[in-house]
């Protein structure tokens, strides 16, 4: 009898230790998770809210995390799902606009507008503000993929898993997202 | 005559090349072309630099106050 209750106590203590470890590991990843939160949000305030919701949910459902698997991806799956649920997706969608231009078009446009032929000088035409603004103008479905792959360094396969979409969709959204980004940059930088 | 223009082909494979998703043969083909074509080489370099700028644009450290709030969300023991 007393043995069972001490087993029980041991199990409870072990559970508490596992949970604390989980919480510490999750918090240690907060900076990396924040980069994604900021990338998919319109403002810093929105990113901060999203972080708090994500961590509150993660801490509540820590038992559904399988130790040894990718915790960062697990946290980001919560984050991207919450972000979709928040219905903050009302926005203009340049989806129907044709994007027939090739991948060189931004460079060609900048080179033509500046008369520069040196790559570094052409690059200087892009300000950090324009890039942040252009990124903000990419529709969310595309931006989520762009942020996960280009900013958070996930592979196509990992991004597919986090967003729960097929890998082919990751690739097409990435492709389209980058095109839209460049189109926005062209408009902002040279009014093209 | 049916031979595809190498610059056009390089433009098409720019993204998968930078994502390291091309197979070895195609990757070698790109490298071979870039070594000889300054026009394409410049555009590849630009794309790489652009990605770096995008990455930098998104890096904005988290406020310490937020970090504190997150740790306060931990469950009570």
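General remarks:
- Across peptide B:40-52, the average count of Cβ atoms from other chains found within 10 Å of a residue's Cβ is 5.
- Residue among A:179, A:86, A:57 with the largest mean-square fluctuation in a Gaussian network model of chain A, springs linking Cα atoms under 10 Å: A:86
- Gyration tensor (Cα) of the range A:21-176, equivalent ellipsoid semi-axes in angstrom: 33, 16, 15
- Cα long-axis angle, helix A:30-40 against chain A (0 to 90 degrees, to the nearest 10): 40
- Rel. contact order, % - alpha carbon contacts under 8 angstrom, at least six apart, chain A: 24
- P(r) weight above 33 Å for the protein assembly as shown, C-alpha pairs, percent: 33
- Overall form of the range B:21-77 per C-alpha gyration tensor (a/c, 1.5; a/b vs b/c): oblate
- The range A:136-180: translational diffusion in µm²/s, Stokes-Einstein, Kirkwood Rh over Cα pairs, 37 °C, 0.692 mPa s: 330
- 0 to 90° range, to nearest 10: angle between helix A:128-137 axis and chain A longest Cα axis: 70
- Exercise: per-residue mean of other protein chain Cβ atoms within 10 Å, A:69-82: 0
- Pair residue A:113, residue A:13: separation of 7 Å Cα→Cβ label points (nm): 6.7
- MRE, 222 nm, helices only [DSSP H, n ≥ 4, -39500 (n - 2.57), over the protein assembly as shown, to nearest 500]: -22500 deg cm²/dmol
- Packing-based order for A:75-81, A:29-35, A:110-116, A:182-188, using average beta carbon neighbours within 10 Å, highest first: A:75-81, A:182-188, A:29-35, A:110-116
- Residue B:72 versus residue A:85: modelled label distance in nm, points set 7 Å from Cα along the beta carbon direction: 2.3
- Within the listed set A:172, A:43, A:64, the Gaussian network model of chain A (springs between alpha-carbon atoms below 10 Å) gives the highest mean-square fluctuation for A:64.
- Spin-label model distance (nm) - residue A:124 vs residue A:46, 7 Å beyond Cα toward Cβ: 3.4
- Averaged over residues, the count of other Cβ atoms within 10 Å places the peptides B:43-56, A:141-154 in the sequence A:141-154, B:43-56, highest first.
No value in this document is a laboratory result; all are computed from the given coordinates. If you're wondering where the values come from, they're calculated on a predicted model, not measured in any experiment. Please note: Cβ atoms are built from the backbone with ideal geometry, for glycine as well, and neighbour counts cover all protein chains shown.
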